[in-house]
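First comes the structure, then the notes that go with it.
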Amino acid sequence: MWHWLNQKFLAPKSFYANSAKLIPWIALAFALCFSYGLFAGLFIAPADYQQGDGFRIIYVHVPSAFTAMAIYFSMAVFAVFTLVFRVKVAAIGMSCSAKIGAWFTFLALITGSIWGKPMWGTWWIWDARLTSVLILLFLYFGFIALQSVIPNQQTRDRAGALMAIVGVINLPIIHYSVIWWNTLHQGPTLSKFAKPSIAPAMLYPLLAMIAAFLLFYALTLLLRMRNQILLREINSQWVAELIHE
Amino acid sequence: MFHNLLVLIHHDILITLRQAYSWLTPLLFFVLVVCLFPLALGPDTETLNKIAPGIIWVAALLAILMSLGNIFRNDVHEGYLDLILLSSTPLTLLVFCKVISHWITHCLPLILISPLLGVLLNLNNTEELTLITTLLLGTPVLCLLGAIGSALIVSVRTQGLLLPILIMPLYIPVLIFSTSAMMAASLHQPLSAYFAILGAIALFTLVFAPFLTSAALRIGVNQ
Amino acid sequence: MNNFSMGGYGYYVWSAYFITLFVFGINLFPIFFEKIKIKKIIREHLLKKRL
């Protein structure tokens, strides 16, 4: 069973072939979700009664923060496959995910800060969500830095995998400690930024945007992984055949 | 078995104590960083008292991080680790002993000198006691987590500031709960909840970190 | 359909959306250039191996 799965899907060659079939569908689904989410978020969803049209930043901020967290968890899944089952493709997926995840975290920080300016009157407040996203960015940087200093390919994969697992065990503890820290020190100014009571007309664009962000992650992940697979399998026969076609 | 481990810890402590440089520098670093803050912020006792928990804890955290960089370094370079990997002693136990002896030689001096620094920053008796308790509960966690990162990059030549970048985000929960406990102490609030959480984190790390560290060491040596 | 000034928040809303599009762009398009580069590297590598 495992052998079959490995041969059919997880070997670099078959993964390269299968992902080519998958990519157009992911791209199509992303285009649909993203265009609906953008249009509905900007124009159809009603303005929030407290924050006016400023709340529309939620449609890019919350999905990017959510996706950034999700990518870190997906890295841990890849890490388990790397360490336990020695799947080559998983290690490639893990290091590609880190770079995409760092970008999404950066995006969540920037949009959160732009949202904060009109709502709090300042670009940055040590609010629970922004703070834990900032820490997540540091975790991503740590992972990327670790992988960039290790010369040996196999050691790099396995060291990164272990770091991702350590990070993912700690992430919930860090997240809840930051939330707890924030409620301890919370001032009255934050109440305006409380979660807007979500009406369905506001919720559907948000769900579409979350789906679109996740699909974009899948799309760029597959594209990046395909590049890395080619580079790592540089000495194998199938890559030579592929290039000469 | 147990006797062997005690011998190992004793041996490690003796080696470290002979090189005063290795355990004195983190201590001096800790004291110096704490003393820089009053010079930077002015001698106003009220301000200093308010930010004392943060200063002492951040300084201790940095000092411990600095000291952790070479916890496995010598063992790897001298080939001692290869011997251990070949022997029947489980690597996890060895790692556990290393961390314990590192804590005794590098963290215990910090904890012992911290009341003195507390005096410099105008802490009262309850705050001093809380400081020592949080350090006693928190520093083992810092050592155990740092050992994982240190093991991962043990063979990397140009480490620079890689270890702090790798490990510091993982230190945040300990930092938050310890400094909050000290703030609660200064407001005369009950403290048992903070100690319970810190103790829980310490036990959790104590159970999982040695396994992860030995796995990291196997990966790190192999490059 | 409401107006583009977003009730005074237009500056913030539009910049957030454009930064998002920008980040998406710099995540997606360089991958294709990278692929061209990698294929070139492999081709050179294969040539060197044959010699």
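Burial here means at least 10 square angstrom less accessible surface with every protein chain in place than with the chain by itself, probed at 1.4 Å; in region C:37-51 the buried residues are C:38, C:39, C:41, C:42, C:43, C:45, C:46, C:49, C:50. Estimated at 0.36 nm per residue, the fully extended path between residue B:36 and residue B:93 surpasses their Cα-Cα distance by 16.6 nm. Among B:62-73, B:154-165, sorting by the average number of other beta carbon atoms lying within 10 angstrom of each residue, highest first, gives B:62-73, B:154-165. Compared with the dominant principal axis of the Cα atoms in chain B, helix B:2-18 is inclined by about 70°.
Taking one quarter of the surface of the C-alpha convex hull of the protein assembly as shown gives a mean projected area of 30.0 nm². The mean count of C-beta atoms from other chains within 10 Å of the C-beta of residues in C:15-28, rounded to a whole number, is 6.
Each of B:204, B:58, A:71 was scored by the projection of its Cα onto the charge dipole of the protein assembly as shown, and the greatest displacement toward the positive side belongs to A:71; charges sit on the C-beta of Lys, Arg, Asp and Glu.
A Cβ-based charge dipole, computed about the Cα centre of chain A with Lys and Arg at +1 and Asp and Glu at -1, lands at about 320 debye.
For peptide A:170-182, the mean count of partner chain Cβ atoms within 10 Å of a residue's Cβ comes to 4. Computed over chain B, the per-residue total of -39500 (n - 2.57) for DSSP H runs of n ≥ 4 gives a 222 nm mean residue ellipticity of -26500 deg cm²/dmol, rounded to 500. Counting, for every residue in A:59-72, the Cβ atoms of other protein chains within 10 Å of its Cβ and taking the mean gives 1.
Counting only DSSP H runs of at least 4 residues, each contributing -39500 (n - 2.57), and dividing by the residue count of chain A, the helix-based mean residue ellipticity at 222 nm comes to -27000 deg cm²/dmol. Packing around the peptides A:7-16, A:162-171, B:41-50, taken as the average count of other Cβ atoms within 10 Å per residue, puts them in this order, highest first: A:162-171, A:7-16, B:41-50.
The string of couplings for region B:66-75 from the Karplus curve (6.51, -1.76, 1.60, θ = phi - 60°) is 4, 6, 6, x, 10, 5, 9, 3, 5, 4 Hz, one whole number per residue in order, with x for Gly and Pro. Legend: helices of chain A (whole DSSP H runs) are marked when their alpha-carbon atoms reach 18 angstrom or more along the helix axis and their mean Kyte-Doolittle hydropathy is at least -1.0; marked are A:12-39, A:58-85, A:88-120, A:128-149, A:153-184, A:200-232. Sequentially through region B:96-111, phi angles give Karplus couplings (6.51, -1.76, 1.60; θ = phi - 60°) of 4, 5, 4, 5, 4, 5, 5, 5, 5, 7, 10, 9, 4, x, 4, 5 Hz, Gly and Pro residues having no value and appearing as x. Candidates C:8, C:20, C:36 compared by Cα position along the dipole of region C:6-50: farthest toward the positive end lies C:36, with charges placed on Cβ. Dipole check for the protein assembly as shown: with +1 at the C-beta of Lys and Arg, -1 at the C-beta of Asp and Glu, and the Cα centre as origin, the magnitude is about 1960 Debye.
The values are calculated or read from the model by the stated rules, or taken from the named source; none is laboratory data. Just so it is clear, the structure is predicted and the values come from calculations on it, not from any experiment. No Cβ is skipped: glycine too gets one built from the backbone with ideal geometry, and neighbour counts run over all protein chains shown. Side chains are part of the model used for accessible areas, which takes the heavy atoms of the whole protein and leaves out ligands, DNA and RNA. Shrake-Rupley method; radii C 1.70, N 1.55, O 1.52, S 1.80 Å.
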